[in-house]
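Worksheet: one structure, shown below.
Coordinate-derived values only; no laboratory data. Since we're looking at a predicted model, the values are computed, not measured. As a convention, Cβ positions derive from the backbone with ideal geometry for all residues, glycine included, and neighbour counts pool all protein chains shown.
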Amino acid sequence: MYIDTHAHLVTPDFNDDRDEVIERARQAGVEAIIVPGTDLQSSHEAVGLAQKYDFIYACVGVHPHEASSGNAGVLREIELLSQHKKVVAIGEIGLDFHYDFSPREKQIEVFKDQLEIAVRRNLPVVIHTRQSIPETIGAIRETLKENSYWRMDQTPPYSRFPAPKGVFHCFSGDGATAWELLNMGFFVSFPGIVTFKNSNVTETVQKVGIDHLMLETDSPYMTPVPLRGKRNEPANVRLIAEKIAELCDSTIDDVARSARYNAKKLFGIGQPDPPVIAYKMYNSLYL
């Protein structure tokens, strides 16, 4: 079973066959799908889709491309919408200095405002960053400095690991940056880019290992090999898991189990399975 932690199922690309796409995901062993919002309208649509399907969950937020529309009224509505029971994170939020569809100053302002919403709601965040990793990390560190208890379990026994605060989706940084994020309490996730020839993230995946990542398709974008050129969809998440298993000299079952554990832990979408190491120890001792 797989969890696709990032699929834009409310885009017009799926208007003609959305229900069929979702059914194919079920048939392919997809246990849950996380659908992010990119503006107020798509956030509402993501919640509506999550209401329709029990195994779909929503994120709400303003993408950096749409930051110019992120006025105070919109952000108030995002925060109100985040109270819906099927909303599991604030996202997709972050910074994108590659396209600069919104002014950088406005991107930073709206990003910080939405981090504060996540803190107030005690929700994790789904982060988009492109050519802006230092600035993105800087904004997060400011938030953590002022809100050290965000996502922290306040009841004993306290964990020695950082509280899970979010995920850097479609992560394109190097291994050292990935570990900086992991030590702050963030996961990283990889879509079809990991299957591309000469991809710059294959070494990052190997340095991170299967214990600290999640799976995503980023549908309808980032279609994995050998389906490049076609519209992507959640049923293709297995192709990504297969490639990660190959890169990490692991099994696809272990990749799926570890990624599923991390997704359930971060988003609170059901009882997590034992992590891979604990699962293997249990099998060797008792089965």
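Worth a mention:
- Computed from the Cβ-Cβ distance with R0 of 35 Å, the FRET efficiency linking W179 to F55 stands at 0.65.
- The listed peptides 190-199, 252-261, ordered by packing as a protection proxy, come out as 252-261, 190-199 (highest mean of other Cβ atoms within 10 Å first).
- Cα centre as origin, Lys/Arg/Asp/Glu Cβ charges: the chain dipole, Debye: 580
- Full-extension gain in nm, Q27 to K106, via 0.36 nm per residue minus C-alpha separation: 24.2 nm
- Among the listed pairs K145/K264; K165/K264; K112/K145; K197/K230, those beyond 21 Å (Cα-Cα): K145/K264
- Only helices enter this figure: runs of n ≥ 4 DSSP H residues, each worth -39500 (n - 2.57), summed and divided by the residues of the chain, yield -12500 deg cm²/dmol at 222 nm to the nearest 500.
- For the chain, averaging the sequence separation of C-alpha pairs within contact (under 8 Å, six or more residues apart) and dividing by the residue count gives a relative contact order of 17 percent.
- Charge-dipole axis of the chain as Lys and Arg at +1 and Asp and Glu at -1 on Cβ define it, positive-most pick from T136, M1, T217: M1
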